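A quick write-up on the structure given underneath.
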Amino acid sequence: MREICVIGGNRYFGKRLIDRLTAAGDRVTVINRGSSAPPAGTIHLIADRNDENSLEKALGSRSFDVVVDQVCYTPRQAEIARRVFAGRTRRYVMTSTVEVYEYEDAAAPVGEGAVDPRKVAVDPGLPWDDTEFLDAHYGEGKRQAEAVFAAEPGFPYVAVRVAHVLGGDDDFTGRVQHYADRIRAGEPIAVPPVNHPATYIHVEEIADFLFWTVGEDFTGPVNAASHGTLTTEELCEAITAHLPDGRTLLRAVEVGEVSPFSFSRSYGMDNSRATRLGFSFGDAPTWLPRAVAETLGKDD
C-alpha cells in the first residue's frame, strides 16, 4: 500500500485522480481547508496550505511516498511546501500548466527545455496574495513555483505542465459553455485576426497521466498533452454538431478580449518526453466530440 498525499483535488481531474489512487489500493490523505469533504475512502486533514504552522500541525509525524500538489499557484506556496515536505516524501508532483510557456511563440510544439525552472527568477515580494494580481499572472506564478522546487537539488519534484483540459459533465470553467451559448444564439465569437491552434488533454486522460506519474520515478518538468492540435473552428464545429440548431459566427477583433480558446500565438506542447517515458496519449481530434457531449449533455 502506497501512502499518497493530495493537496486540494476535490474537483474535476483532481477527484478523478483520487478515485484512481483509492481503486488501486493506495492510502490517500487529502489536505484542504475544510470547505468541502474529500472523496470517500480518504483520510482528511484540514489545513491552510498558505500557513506553514497550520500545515505542519495538521501533518504531525506523517510521511508519504508521493505528494501530489493540485493547488500550488505561487512561489510563496511552493516555498512553504518545500520546507514542510522536505524529508516527508520521496517525490513531490506539482500540477503546473501550459501557461508557463506564455512568452514562447514557436510554430513547432514547445518542449520542456523552453522554460528551465532552474533559470527562472523568483520574486516572492510580488503581491501573490492579491487575487486579481494572481489571476493576471497565472503563468508567472506557476513558473516561479516550479523554480522554487527546482532550486533545491535534494528535493525530488515533478512539474506536470498540463494542456488545456476538456471533457466531463463537471467542467467548472464555463469555457465550452461560452461557445455553446453563442452558437445556440448565433452570436459572434471573438477571435484574434490570426488565430492559432493549441494542444489539449481530456479530463480522464490527465487523471490517468497524474496517476501514472505517481508510480514513476522521473523528475523535472514534463508536458501532458494529447496528440494533435485543435483550432477554435474545430472546437466550434464539434459544439455545433451537438447543437444542430445553432450557428457558428467567428468575428476577428484587433483589440479587446477574445473567446477562451482563441490564441494570438502558437500554444502547442511537445509531449515526446512523456511518450518516451512510457505514457500513451490519445488523439485530441478523436476524443473531442465525446468531450463536448459530456460537457453539454445536459443541454440535449
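The values are calculated or read from the model by the stated rules, or taken from the named source; none is laboratory data. Model, not experiment: these values are computed from the prediction. Cβ coordinates were reconstructed from backbone atoms using ideal geometry, including for glycine residues, and neighbour counts include every protein chain displayed. The protein model used for the area step is the full one, side chains on, heavy atoms only, and it has no ligands, DNA or RNA in it. Shrake-Rupley method; radii C 1.70, N 1.55, O 1.52, S 1.80 Å.
Matching residues to (1) within 17 Å of Ala224 (Cβ to Cβ); (2) open to solvent by less than 20 Å² (accessible area, probe 1.4 Å); (3) outside any loop (DSSP other than H, G, I, E, B):
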position: Val84; (1), (2), (3): no, yes, yes
position: Gly87; (1), (2), (3): no, no, no
position: Thr95; (1), (2), (3): yes, yes, yes
position: Ala106; (1), (2), (3): no, no, no
position: Pro124; (1), (2), (3): no, no, no
position: Pro127; (1), (2), (3): no, no, no
position: Gln144; (1), (2), (3): no, yes, yes
position: Phe172; (1), (2), (3): no, no, no
Exercise. Can Thr295 be described as part of a helix (DSSP H, G or I), in contact with an Asp or Glu (Cβ under 6 Å, 6 or more places away or on another chain) and more than 30 Å from Phe64 (Cα to Cα)?
Worked result: yes
For this session: For segment 175-196, indicate whether the set of residues that are within 30 Å of Leu243 (Cβ to Cβ), under 16 Å from the mean Cα position of the chain (by Cα), open to solvent by 20 Å² or more (accessible area, probe 1.4 Å) and in contact (Cβ under 8 Å) with a residue 12 or more places away in the chain is non-empty.
Result: yes
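Select from segment 248-265 the residues that are part of a loop (DSSP other than H, G, I, E, B) and touching a His at 6+ places or on another chain (Cβ under 9 Å) and list them in ascending order. Give the steps one after another, and end with the answer.
Step one: filter segment 248-265 for residues part of a loop (DSSP other than H, G, I, E, B), giving 248, 253-262, 264-265.
Ser259, Pro260, Phe261, Ser262, Ser264, Arg265 - these are the residues of segment 248-265 that are part of a loop (DSSP other than H, G, I, E, B) and touching a His at 6+ places or on another chain (Cβ under 9 Å).
Take segment 22-38 and flag every residue that is outside any loop (DSSP other than H, G, I, E, B), closer than 24 Å to Glu56 by Cα and either aliphatic (A, V, I, L, M) or open to solvent by less than 30 Å² (accessible area, probe 1.4 Å) (or both). Write out each step before concluding.
Here is the first cut: in segment 22-38, the ones outside any loop (DSSP other than H, G, I, E, B) are 22-23, 27-32.
Remaining after also requiring closer than 24 Å to Glu56 by Cα: 27-32.
Scanning segment 22-38 gives Val28, Thr29, Val30, Ile31, Asn32.
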Problem set entry | Residue in segment 7-25 that is over 16 Å from the mean Cα position of the chain (by Cα), without any contact (Cβ under 8 Å) to a residue 24 or more places away in the chain and more than 21 Å from Gly168 (Cβ to Cβ) present | no
Seminar exercise, completed: The lone condition Pro289 fails out of (1) under 18 Å from Asp169 (Cα atoms); (2) surrounded by 15 or more Cβ atoms within 10 Å (Cβ to Cβ); (3) not charged (D, E, K, R) is (2)
For this session: State which residue is least open to solvent (accessible area, probe 1.4 Å) when the search covers only segment 52-82 and only residues that are in contact with a helix residue (DSSP H, G or I) (Cβ under 6 Å, 6 or more places away or on another chain) and of a type in the set (S, T, N, Q).
Result: Thr74
Exercise. Would it be correct to say that Val158 is buried (at least 23 other Cβ atoms within 10 Å of the Cβ) and under 20 Å from Pro260 (Cβ atoms)?
Worked result: no
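Would you check if Arg49 is surrounded by fewer than 22 Cβ atoms within 10 Å (Cβ to Cβ), at negative phi and modelled with pLDDT of 95 or more?
Details: surrounded by fewer than 22 Cβ atoms within 10 Å (Cβ to Cβ): yes; at negative phi: yes; modelled with pLDDT of 95 or more: no.
Criteria not met by Arg49.
Residue check: is Arg265 in contact with a strand residue (DSSP E or B) (Cβ under 7 Å, 6 or more places away or on another chain), charged (D, E, K, R) and over 30 Å from Gly154 (Cα atoms)? Before the answer, list the steps.
Values: in contact with a strand residue (DSSP E or B) (Cβ under 7 Å, 6 or more places away or on another chain): yes; charged (D, E, K, R): yes; over 30 Å from Gly154 (Cα atoms): yes.
Yes, satisfied.
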Seminar exercise, completed: Selection from segment 263-295 of residues at pLDDT below 95 and either over 20 Å from the mean Cα position of the chain (by Cα) or small (Gly, Ala, Ser) (or both) yields Ser264, Ser266, Gly268
Problem set entry | Those residues of segment 108-117 which are in a helix (DSSP H, G or I) and surrounded by 11 or more Cβ atoms within 10 Å (Cβ to Cβ), in sequence order | Glu112, Ala114, Pro117
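Could you grab me the full set of residues in segment 161-170 that are among the aliphatic types (A, V, I, L, M) and either open to solvent by 50 Å² or more (accessible area, probe 1.4 Å) or assigned to a strand (DSSP E or B) (or both)?
Residues of segment 161-170 among the aliphatic types (A, V, I, L, M): 162-163, 165-166.
Answer for segment 161-170, where residues must be among the aliphatic types (A, V, I, L, M) and either open to solvent by 50 Å² or more (accessible area, probe 1.4 Å) or assigned to a strand (DSSP E or B) (or both): Val162, Val165, Leu166.
With the requirement that a residue be among the β-branched types (Val, Ile, Thr) and assigned to a helix (DSSP H, G or I), what does segment 177-212 give you? Walk me through how you get there before you give the answer.
Applying the first criterion (among the β-branched types (Val, Ile, Thr)) to segment 177-212 yields 183, 189, 191, 194, 199, 201, 203, 206.
If the condition is that a residue be among the β-branched types (Val, Ile, Thr) and assigned to a helix (DSSP H, G or I), then Ile183, Val203, Ile206 are the ones that fit.
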For this session: Might you let me know whether segment 230-244 holds any residue that is open to solvent by 40 Å² or more (accessible area, probe 1.4 Å), of a type outside the set (Asp, Glu), part of a strand (DSSP E or B) and touching a residue at least 12 places away in the same chain (Cβ under 8 Å)?
Result: no
